[in-house]
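Following: one structure in structure tokens, then a few remarks.
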Amino acid sequence: MRQVEIKRKTNEVEIIGSLSLDGVGKTEITTGIEPLNHLLTLFAFHGLFDLKIKASGDLQHHLIEDIGIAVGKAFKEALAGKEGINRYGDFSLVMDKVLVEVSVDISGRPSLHGVFENNANLSITELTKGKRFDDTEFTFTHAEEFLESFLQHCGISMVYVIKSSQGDLHHILEALFKAMGKSLDQATLIDKRRQGVPSTKGIID
């Protein structure tokens, strides 16, 4: 079973929980940040990962970053030597007036890149400036803080393209996290035809 415990304690935060890659999408998530609770629930539900997180801490920034670290490390541990996994995943997801495509590579070379398809010359931050997740202080920048920490600590490269963004920030982020869950579900699945690690190098760090 690809199942691990989640534990992280610093002078600023304490995080406990568990992760199963071969789950049914069952979640118990309490971070103290309601938008993050919601987005992680969507991610795990649509990725069919069982995810439990209970987190407490001082600042929102510290919680977001450290939850990303903790969940990222858990994914990497659960994947172990990565034998037999598909490695790659890609999913396009429509939600109301939003269309987001997410592609992932469990490569051991972490990175995050995102663009608005029709606004390639502007950053995501510029295009979402002033937008909030409903009536909270949660912004796209907060979501990217989580994603950066998560991807860095699980060794995944991810590119997302927001192809249509007529909806509000709530729907943009929901579509992004759902699509990430679906693409990581594909990438983490075991292909019985695959012998060993899906790399000609014979290893994925």
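Projecting the Cα atoms of 30, 116, 80 onto the charge dipole of the chain (Cβ charges, centred on the Cα centre) puts 80 farthest toward the positive pole. Rounded to the nearest 5, the antiparallel percentage of DSSP beta bridges internal to the range 3-188 is 75%.
Seen from residue 107, the other residues with C-beta closer than 13 Å to its C-beta sum to a net charge of +3, counting Lys and Arg as +1 and Asp and Glu as -1. Legend: distances between Cα atoms for 52/73; 7/82; 52/82; pairs beyond 19 Å are 7/82; 52/82. Relative contact order of the chain: 28 percent, from C-alpha pairs under 8 Å at least 6 residues apart in sequence. Using only side-chain charges placed at the Cβ, +1 for Lys and Arg and -1 for Asp and Glu, the dipole size of the chain relative to its Cα centre rounds to 820 debye.
Only lysines eight or more places from residue 178 in sequence, or on another chain, were considered; those with a Cα closer than 16 Å are 26, 97, 163.
Proximity of backbone amide H atoms, modeled 1.01 Å from N, is registered between residue 114 and 160 at under 5 Å, excluding neighbours fewer than 5 places apart on the same chain. Note on the range 1-86: with charges restricted to the Cβ of Lys and Arg (+1) and Asp and Glu (-1), its dipole about the Cα centre is near 220 debye.
For the range 134-205, the residue among 160, 146, 189 whose Cα projects farthest onto the positive side of the dipole built from Cβ charges is 189.
No value in this document is a laboratory result; all are computed from the given coordinates. Treat the numbers as computed from the prediction; the structure is a model and nothing was measured. Heads up, the Cβs are rebuilt from the backbone with ideal geometry, glycines too, and the neighbour counts pull from every protein chain shown.
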